[in-house]
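Here is the structure we will look at.
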Amino acid sequence: MRRIKSPDLLVAESGADLEGHGLRRTMGLFQLVCFGVGAIVGTGIFVGLSDSVAEAGPAVVVSFVLAAITCVFTAFSFAELGSAIPVSGSSYSFAYATLGERIAFLTGWCLLLEYGISVSAVAVGWGQYLNELLDGLIGRQLPAALSNPPGDGGVVNIPAVVVMLLAALLLVRGVRESARATAVMAVVKIAVLILFCAIAFTAFSSENLSPFAAHGLMGVTSGASVAFFSYIGFDAITTAGEEVKNPRRNIPLAIMICIGVATLLYCLVAIAAIGAMSAADVASRPAVLSLIVDNVTGSTLGGGIIAFGAVVAIASVVLAVLYGQTRILMSMSRDGLIPRIFERISPKTSTPVANTWIATAVFAVPAAVVPLDVVMNLTTIGTLAVMAVVNIAVIALRRRNPDLQRSFRVPLFPALPVLGVLFCLYLIYGTGWRTWLQFGAFLLVGSLVYALYGRRHSRLGAAQDRGAVGERT
C-alpha cells in the first residue's frame, strides 16, 4: 500500500522513449472506436448468445441490459481515469496510482484472465463458424477433433491457434496496420449483424417470447453473468492511451460510443434470434446465427454470409484483445514486476515484438485444449473483479489527487462508482461457486508470484529504498 506511483510519474514514464524507441500516437477517434468495437463484438454474440439464452430464456434481453448497466457504471470510471492517466497500463496503472503496488499487481494478474484467457475463449469459437463458412463454400468441414473445443467433440482446436498466430503477425507489423485492419473488420461485422436482424425479423413470432422469464430472476442473473462476456473488451480502449491522438478527449468518447453500439446490437440480435426460433431451440446451439438464417431462408447462402461475418468478427476481437494484453504486460515490465523482455520495443516497427510472440504462445495453449465454458467463466469473474477495482480507484484518485487534470468526470459521484462495485459483485455471485474457487486459487498463485518476484524486483520499491537510505545518511 505504501508503494503508490503518482499519475504524473506514470504519464512522464509513458512519454519517455524505451531503449530509444517509444510508441507512436497514430490512432484517431474513428480508429479508436473501431478498435473498441473490434474488441467487444465477437464470440460473445456469435457464439455465446446460445449459452445466455440457455440460462435466461427470452429474458436474455434483460440479461444483456443488466450486463450493459454494469459496464456503463464502470465505463464512466474508466473514462475519467483514462482521461486523467492516459497510459498503456489501463486498470493496472490506475490501481498503481491509487491503491498501491500489491493491488496493482493482482489487478494486472486478473487482466491475464480478461485479456489473455479471453483471447483463448474468443479464438475457441472461431473454428465453429469457420466450419460453417467452409461448408457453404466447398461443402466440407474440418474434422471435429481438430476444430471443436474439448468437451464438444474436439481434441485440439487448431483454428484457434491459427487465428491467434495471424493476429500476432499483424500486430508485430505496426499499430497503424493493425488499426486499419480492425476498422475494416468492425464495419464488416456490424453490417453482418444488421443483415442477420433484417432476415430473422421476417420470421418473427411473438409466441416465441412466452413465457418471457421462464427461469425466474436467478435465470436472468445467471444469463447476465454469461452475457457480460459479450461486453468484455471495451476497457481495451484505455490500453491504447500512449498510441492515441488527444487521448484525454478521445478515450472517454470512444468508450461511451462503443458501449452504446454494442448494447443496441446485442438487444436487436437477441430479440431477432428468439423471435425467429424458440429459446429452447436457440439454447446451447453452436453457430446459432447461421443456423437461424439457414432455416429462415431455406438455403445455406445466407448462413454462409453470417458465418463469414463471424469469422471476421472473432478474428478482430483476437487482434484487439491480444493488443491490449501486450500493452499491459509492457507496463508491468516497465515497473519491474515482470521480466524486462516484455517492455522492449522494436526500433523498426515501434511494437513490442517479443512480448507479442510470448503472449501468443502462452495463451494459444488454453485456446487449443481447454473447454470453452471453463475459459468463459474464468474470464468473466476476472473482468468483474478488475472493474470493481477500477470503480474503487476512481474514488481514491478523487481524494488523493483532486486537482489532477480530467477532461471527463463521473456524474453523480460517488454514487455511480459505488453502484458499479455492487453490480460487479452481483454478477460475480451469478458465476457460481466452482468459478469462485477457481478464481480464488488463481489469486493465490498471483500473490505468490508477487511475493517471490514482483516485490523484490519493483523499480518503485528500489527507488523508495534508495530514498530511505539517503534520508538516513
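Side notes on the structure shown:
- Qualifying residue in the range 300-309 (condition: part of a helix (DSSP H, G or I), modelled with pLDDT of 85 or more and either surrounded by fewer than 24 Cβ atoms within 10 Å (Cβ to Cβ) or of a type in the set (Gly, Ala, Ser) (or both)): yes
- Looking only at residues in the range 210-235 that are in a helix (DSSP H, G or I), hydrophobic (A, V, I, L, M, F, W, C) and surrounded by 14 or more Cβ atoms within 10 Å (Cβ to Cβ), the one that is modelled with the lowest pLDDT is PHE229.
- Subset of the range 116-157 (residues that are in a loop (DSSP other than H, G, I, E, B) and among the aliphatic types (A, V, I, L, M)): LEU142, VAL155, VAL156
- Top-ranked residue in the range 70-92 [being in contact with a Ser or Thr (Cβ under 7 Å, 6 or more places away or on another chain) and part of a helix (DSSP H, G or I); ranked as surrounded by the fewest Cβ atoms within 10 Å (Cβ to Cβ)]: SER83
- Residues (in contact (Cβ under 8 Å) with a residue 40 or more places away in the chain and part of a helix (DSSP H, G or I)) located in the range 448-465: VAL449, TYR450, TYR453, GLY454, ARG455, HIS457, ARG459, LEU460, GLY461, ALA462, GLN464
- Some residue of the range 394-414 being without any contact (Cβ under 8 Å) to a residue 60 or more places away in the chain, assigned to a helix (DSSP H, G or I) and either of a type in the set (Gly, Ala, Ser) or surrounded by 21 or more Cβ atoms within 10 Å (Cβ to Cβ) (or both): no
- Near pairs, Cβ below 6 angstrom, 6+ apart or cross-chain, from the range 282-299 (modelled with pLDDT under 80) to any residue that is among the charged types (D, E, K, R): ALA287/GLU132
- Here THR202, THR182, THR239 are screened, and the one residue that is modelled with pLDDT under 85, more than 19 Å from TRP126 (Cα to Cα) and touching a helix residue (DSSP H, G or I) at 6+ places or on another chain (Cβ under 9 Å) is THR239.
- Of all the numbered requirements in (1) under 22 Å from the mean Cα position of the chain (by Cα); (2) exposed (fewer than 14 other Cβ atoms within 10 Å of the Cβ); (3) at pLDDT 90 or above, PRO417 misses one, and that requirement is (2).
- Of the residues making up the range 327-353, just one is assigned to a helix (DSSP H, G or I), among the β-branched types (Val, Ile, Thr) and either modelled with pLDDT under 90 or within 15 Å of CYS34 (Cα to Cα) (or both), namely ILE328.
- Of the residues making up the range 173-203, just one is among the aromatic types (Phe, Trp, Tyr) and crowded, with 17+ Cβ neighbours inside 10 Å, namely PHE196.
The values are calculated or read from the model by the stated rules, or taken from the named source; none is laboratory data. Here the structure is a predicted model, which is why all the values come from computation and not from measurement. Neighbour counts run over all protein chains shown; Cβ positions are idealised from the backbone, glycine included.
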